[in-house]
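Below you'll find the structure, written out as structure tokens, and then a few comments.
The values are calculated or read from the model by the stated rules, or taken from the named source; none is laboratory data. Keep in mind that this is a model prediction, so the values were computed, not measured. Every residue, glycine as well, gets a Cβ built from its backbone with ideal geometry; the counts of neighbours run over all protein chains shown.
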């Protein structure tokens, strides 16, 4: 995917900032010629000001791209944004083993997130994957992990909520598939995202979902 206009890039930036839980960062993005990208042999770069939570992402102009594989601005954008999650730990020496492993991790996560989006996964599912990987990394670095979402004092699985499991609406008998979990932007209530047989997506507060839906046996 190539962003042909600044408007396309701005829309993608807003989408991925939300997915990656980076709304508290002020990020600007632009497509630049190679002469304006200060690093050598890269498709994109990000500069950040960690204490102020401000960052600038620069994507390489297709005019200057001459690699074997097709250029993908969306992948590059996600890759650079993910670096912001790890900015506080970015003390690895250039070309060190630690730096290479971190890049491999970000490469793999970027590829997975973009592929899942293009396959139709919802933003809440993508966010969950991002936060799980970030929490794992922080735990390795000695940072306490983000508390696990609990309902009635129990993990989601303990109250019968599972992603990709089928549930029956006790009122109309219809079957739905849970796709992920999120929070309402205004009330901050935890919500379930689920789809019906026609692929239409629905949201409902978790407590109400548990009252109206039952998990199908053996699924």
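So here's what we get for this one:
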quantity	calculated
In the range 181-201, the residues that are modelled with pLDDT under 80 and surrounded by 11 or more Cβ atoms within 10 Å (Cβ to Cβ)	181, 182, 183, 184, 189, 190
Boolean, residue 14 is modelled with pLDDT of 85 or more, more than 18 Å from residue 115 (Cβ to Cβ) and assigned to a strand (DSSP E or B)	no
Subset of the range 198-219 [under 16 Å from residue 171 (Cβ atoms) and assigned to a loop (DSSP other than H, G, I, E, B)]	216
Subset of the range 26-42 [surrounded by 12 or more Cβ atoms within 10 Å (Cβ to Cβ), touching a helix residue (DSSP H, G or I) at 6+ places or on another chain (Cβ under 9 Å) and more than 19 Å from residue 75 (Cα to Cα)]	26
Filter result for residue 45 (outside the structural domain of residue 115 (by TED's automatic domain parsing) and closer than 21 Å to residue 113 by Cα)	no
Residues being within 15 Å of the chain's Cα centre (by Cα) and touching a residue at least 40 places away in the same chain (Cβ under 8 Å) - total across the range 4-44	11
Selection count, the range 68-105, where residues are modelled with pLDDT of 75 or more and out of contact with any helix residue (DSSP H, G or I) (no Cβ under 7 Å at 6 or more places or on another chain)	13
Filtered residues of the range 50-72 (kept if over 21 Å from the mean Cα position of the chain (by Cα) and assigned to a strand (DSSP E or B))	60
Filter result (surrounded by 13 or more Cβ atoms within 10 Å (Cβ to Cβ) and either over 18 Å from residue 4 (Cβ atoms) or out of contact with any helix residue (DSSP H, G or I) (no Cβ under 7 Å at 6 or more places or on another chain) (or both)) within the range 48-57	48, 53, 54, 55, 56
